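In what follows, a single structure is set out as structure tokens and then discussed.
The values are calculated or read from the model by the stated rules, or taken from the named source; none is laboratory data. None of the values given here were measured: they were computed from a predicted structure. No Cβ is skipped: glycine too gets one built from the backbone with ideal geometry, and neighbour counts run over all protein chains shown. For accessibility, only protein heavy atoms count, side chains too; no ligands or nucleic acids. Shrake-Rupley method; radii C 1.70, N 1.55, O 1.52, S 1.80 Å.
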Amino acid sequence: LAYNRSLGAILVREEDFSRVPAPGAPAGGVQPCFEFGVVQTFLKGRYFVSDEKRRAKTKTAAVDVPEDAIELRRRVYVNLMRMPAVPEPSRMMLYSARSKRRAFDKPSETAFRTMAKEVTLARGFAFKNVEFYDSIDFVTQVKLMDSAAIMVGIHGANLVNSMFLPVGATLIEIFPYRYEHKMYINGCGSGLRYFKHALLRGEEFPGLDEKFAGKVHECMKRAPMCKAFYRGDATDLRLSGEDLVHIRGIMSDAMDGSEGFTLKGVLTSTIEMKDNGH
């Protein structure tokens, strides 16, 4: 599911459509084109589809930034938030916490917050934690994201709001043991730098060796309960000392990359161009 400004439409891609031949199409099929459609789907892969990209460079890396990713932020901040310009990243790390499904156990949550506060304080960054509930309105959620240079959180829908981070900010995604997903790479195409860490230790699915010869990928592919197990749907996540050391290193790399942004000219020129009607 992706927004495309030039088409003024929401584009929906489903693999099943590629196997449906268009009416009157020759053998082999041609992917059909619908003028209108309502399709059940969920965000997976990219938020934006764009033919044009800018390179947003930092001191240590560069990310592809679709034009639509800049334009959506501009419209949200300038029109909805009544702000004169799109905010740029500040020296702040935002932790998107979870307390229900797929959350750290209490000792791990305490250890994680302590470590994160230590590493950010040492580097002159602020640290803020927030848990997104249904009761938090849209504008408030966007305001929480508007200037964070770094966002960190466990894999899940709580990371969808990363699309409102400043262009070129960093998303750090933490996965349960043995589980990974490609959904939030580069912020789903919203112009973010991206790091990930999967927990190094955890329990194995009952019957993994007997039924699936110890092959976790095969287990998750064939057994929905196995996928839910490794996804952490029913168990709390437990951080080891090694996990904390590795995540600390990722946070340091992210803070290194947040220095020396060269985004101001890109965003300012884009806003001026749009506001002048060009």
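What to note about this one:
- Looking at Ser190, Ser162, Ser147, just one residue is surrounded by fewer than 24 Cβ atoms within 10 Å (Cβ to Cβ) and among the polar types (S, T, N, Q), and that residue is Ser147.
- Residue within segment 168-176 that is more than 18 Å from the chain's Cα centre (by Cα) and charged (D, E, K, R) present: no
- Comparison of Ile154, Ile70 shows that the only residue that is open to solvent by less than 70 Å² (accessible area, probe 1.4 Å) and either within 21 Å of Ala198 (Cα to Cα) or at pLDDT 85 or above (or both) is Ile154.
- Test: residue in segment 106-119 that is polar (S, T, N, Q) and open to solvent by less than 20 Å² (accessible area, probe 1.4 Å): yes
- Of all the residues in segment 225-249, those that are small (Gly, Ala, Ser), modelled with pLDDT of 95 or more and closer than 10 Å to Leu199 by Cβ number 1.
- When Glu218, Glu210, Glu173 are screened for being closer than 20 Å to Val63 by Cα and of a type in the set (Asp, Glu), only Glu173 passes.
- When Ala126, Ala111, Ala116 are screened for being farther than 23 Å from Ser240 by Cα and aliphatic (A, V, I, L, M), only Ala126 passes.
- Hey, Arg178 open to solvent by 50 Å² or more (accessible area, probe 1.4 Å) and within 14 Å of Ala97 (Cβ to Cβ) or not: no
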